[in-house]
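One structure below.
Derivation of every value follows stated rules applied to the coordinates shown; laboratory data play no part. Note that the structure is predicted; figures quoted are calculated from it, not measured. Glycine also receives a Cβ, built like all others from the backbone with ideal geometry; neighbour counts cover every protein chain displayed.
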Amino acid sequence: MKTYPDEPSILFLFANTSMQLGHRAEGEAYFERYHALALRRKEYKPGDMLLVLARLCRERDDIAASRKWLDQVDPNDQKTYFAAQIQRSMLLAKEKNVTGALALVDSLEPRTPDDLLQVILSKADYLRQLGRLEEAYEVLAAGTPRVAPEAELLNLYASVANETGRFDVAESAAQLAIARAPGEYTAYNNLASWYVERNVKPAYALQLASKALEIKPDSPYAMDTVGYAQYRLGNLEAAETQLRRAYAQLQHPEIALHLVEVLLQKGERDEARQLMREASAKLDSPPSEPLRKKIEGLQLRL
């Protein structure tokens, strides 16, 4: 049976260290023990720790445990209680009740810029999940200028702008996200993937995707983007190597389709057909319009 130190400050240090090392279960156990001991101290304000514990439970899909922690948040602690309501909406979305999650967020009254940021992010995300892309774009276009442009918000704005055909807006938002958070992976890879899908600026796309892969070397999405950029540049061997690495790690249909293109270009039609069958079996129904057109084009070539 595991024993724990009795000093909350040491437990908190152990918890953070465990999380940084990727030992999430151990870190969560340390946080929970820290919370239990700290409750004995009159000066302890548990709100932030309750949110941490609720988030950790949600991230491992223990919805009941997450709600248990959120139920303990004091409604009189306005800042923490607002954040708890945002987390409650995330739990509803995890339960596939995205309409309920959206309704909960719509009922909230943001009091601070950070509250407003969370409402904009959540509302746009839920509208996007419901397929209401134009409404999601309107929320982001109206809301982004009202808050400090955090990278997370800019990346969502860029993605929805791209999905609604506003590539100039998407490009600008992604570039701003890179400027705001040059050490984060998402904007580099998003922008690179949009360029290569459109077959524009392939050399610049490869530069962006390579930076994303440098930041996150184990990302199959970055491997895929690097590989597809190499394909656009005509470097078929380098493209195949990266795309096979990506597909070995994540059997995503779009990665498979990119590899199909490379194999067709190399004349390896039998493997291309097999991969096409695998990709088709894993596609959402119906696929997005750009993906449908890509599939139809590849089927003609096969």
Loop-located trypsin sites (Lys or Arg not before Pro) in the range 110-165, at most 15 other Cβ atoms within 10 Å (DSSP): ARG111, ARG132
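Before anything else, pin down the relative contact order of the chain: Cα pairs under 8 Å, at least 6 apart, normalised by residue count, whole percent.
Working: 357 pairs, mean separation 19.4, N = 302.
Once divided by the residue count of the chain, the mean separation gives 6 percent.
In what order do PHE31, PHE167, PHE12 fall by count of nearby beta-carbon atoms within 10 Å, going from fewest to most? Walk me through the numbers on the way to the answer.
Details: PHE31 21, PHE167 15, PHE12 18.
If I rank by nearby Cβ atoms, fewest first, I get PHE167, PHE12, PHE31.
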Cβ-Cβ FRET estimate between GLU163 and ARG41, R0 fixed at 41 Å, reported to 0.05: 0.25
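Give me the extension gain from ALA141 to HIS252: residue separation times 0.36 nm, minus the current Cα-Cα distance, reported in nm with one decimal.
Roughly 36.9 nm would be gained on extension.
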Label corresponding to semi-axes √(5λ) of the Cα gyration tensor in Å when calculated from the structure given, among [x] 59, 21, 14; [y] 41, 24, 18; [z] 25, 24, 19: [y]
Fewest-first ranking of TYR228, TYR81, TYR30, using other Cβ atoms within 10 Å as the exposure measure: TYR81, TYR30, TYR228
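Mean separation of Cα pairs under 8 Å and 6+ residues apart, divided by the residue count of the range 1-135: what relative contact order is that in percent? Walk me through the intermediate numbers first.
Details: 131 pairs, mean separation 18.0, N = 135.
For the range 1-135, the relative contact order is 13 percent.
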Segment LYS282-THR112, extension gain: residue separation times 0.36 nm, minus the distance between their alpha carbons: 56.9 nm
Helical mean residue ellipticity (222 nm; -39500 (n - 2.57) per DSSP H run of 4+; nearest 500) of the chain: -23500 deg cm²/dmol
Computed label-point distance, nm, for sites ALA25 and GLN175 using a 7 Å Cα→Cβ extension: 4.8 nm
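If each residue's Cβ is checked for other Cβ atoms within 10 Å, how do GLU278, GLU214, GLU197 rank with the fewest at the top? Present the calculation step by step, with values, prior to reporting the outcome.
On the way: GLU278 14, GLU214 11, GLU197 18.
Ordered from fewest to most neighbouring Cβ atoms within 10 Å, GLU278, GLU214, GLU197 come out as GLU214, GLU278, GLU197.
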Rounded FRET efficiency, nearest 0.05, which uses the C-beta distance separating ARG67 from LEU13 and R0 of 25 Å: 0.30
Distance-filtered residues of the range 151-171 - backbone nitrogen under 12 Å, label point 7 angstrom along LEU133 Cα→Cβ: 159-167
